[in-house]
């Protein structure tokens, strides 16, 4: 694209500051010269974990999600404690907090941006194997159940529309393609 076709931010206004994100409205000049208002959700980032037990089953968490007003089945995940926190540290922390399991090594499986049209949330997804049982350390406002699932059952739930969480879909399918399925 030539410089004449560049999009320029003219202004950014903080509309609301939240506990896990900030909402901005940007005033943008688009290439045809028009001025547009664009929303931006600024998120500090997150980490998620595909936790595979020695028997091949994946640890999943079932928890209530207020935005959907229902329970969902997801991989363990959580936000960074700050923009500078390494995602591998957050993944290790969330694995132990949510499932009670820990591991010595984590492998980066994938990195995703959840909703690129209006949000900059990036989630690094890690693979955890050689899990060691321990104790859950749930946050004060967190309530969830840990479940063990067969990979093929999770894949079928994705195809049946029963798992709709984007990070979970991406993580399970990435793991299946890279390591899990031996058809």
- Of 24, 71, 101, the only residue that is touching a residue at least 24 places away in the same chain (Cβ under 8 Å) and either within 25 Å of residue 173 (Cβ to Cβ) or in contact with a strand residue (DSSP E or B) (Cβ under 7 Å, 6 or more places away or on another chain) (or both) is 101
- Item | Candidates 118, 159, filtered to the one that is without any contact (Cβ under 8 Å) to a residue 24 or more places away in the chain and either over 19 Å from the mean Cα position of the chain (by Cα) or over 22 Å from residue 64 (Cβ atoms) (or both) | 159
- Qualifying residue in the range 130-140 (condition: in contact (Cβ under 8 Å) with a residue 60 or more places away in the chain and over 15 Å from the mean Cα position of the chain (by Cα)): yes
- Query: Is it the case that the range 108-117 has a residue that's over 16 Å from residue 46 (Cβ atoms) and modelled with pLDDT under 95?
  - Reply: yes
- Filter result for the condition that a residue is within 21 Å of residue 138 (Cβ to Cβ), surrounded by fewer than 18 Cβ atoms within 10 Å (Cβ to Cβ) and assigned by TED's automatic domain parsing to the domain that holds residue 124, over 67, 77, 91, 48: 67
- Item | Enumeration of residues in the range 94-114 that are part of a loop (DSSP other than H, G, I, E, B), on the phi < 0 side of the Ramachandran plot and out of contact with any helix residue (DSSP H, G or I) (no Cβ under 8 Å at 6 or more places or on another chain) | 104, 105
- Item | Enumeration of residues in the range 27-38 that are touching a strand residue (DSSP E or B) at 6+ places or on another chain (Cβ under 8 Å) and touching a residue at least 12 places away in the same chain (Cβ under 8 Å) | 27, 28, 29, 30, 35, 37, 38
- Message: Given the condition under 17 Å from residue 43 (Cα atoms) and crowded, with 17+ Cβ neighbours inside 10 Å, answer yes or no: does some residue in the range 137-156 qualify?
- Response: no
- Query: If a residue has to be outside any helix (DSSP H, G or I) and more than 21 Å from residue 106 (Cα to Cα) to count, how many in the range 139-180 make the cut?
  - Reply: 13
- Message: Tell me whether the range 122-132 contains one or more residues that are surrounded by fewer than 13 Cβ atoms within 10 Å (Cβ to Cβ) and in the same structural domain as residue 48 (by TED's automatic domain parsing).
- Response: yes
- Name the strands (runs of 3 or more DSSP E) wholly inside the range 1-92 in which the number of residues that are more than 30 Å from residue 176 (Cα to Cα) is 1 or more. 8-17, 21-29, 35-43
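Residues are listed down the side, and each one gets a yes or a no for (1) under 30 Å from residue 128 (Cβ atoms); (2) surrounded by 12 or more Cβ atoms within 10 Å (Cβ to Cβ); (3) at pLDDT 95 or above:
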{"site": "18", "(1), (2), (3)": "yes, no, no"}
{"site": "40", "(1), (2), (3)": "no, yes, yes"}
{"site": "60", "(1), (2), (3)": "yes, yes, yes"}
{"site": "73", "(1), (2), (3)": "yes, yes, yes"}
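The values are calculated or read from the model by the stated rules, or taken from the named source; none is laboratory data. This is a predicted model, so every value here is computed, not measured. Quick reminder, even Gly has a Cβ in these numbers, built from the backbone with ideal geometry, and neighbours come from all protein chains shown.
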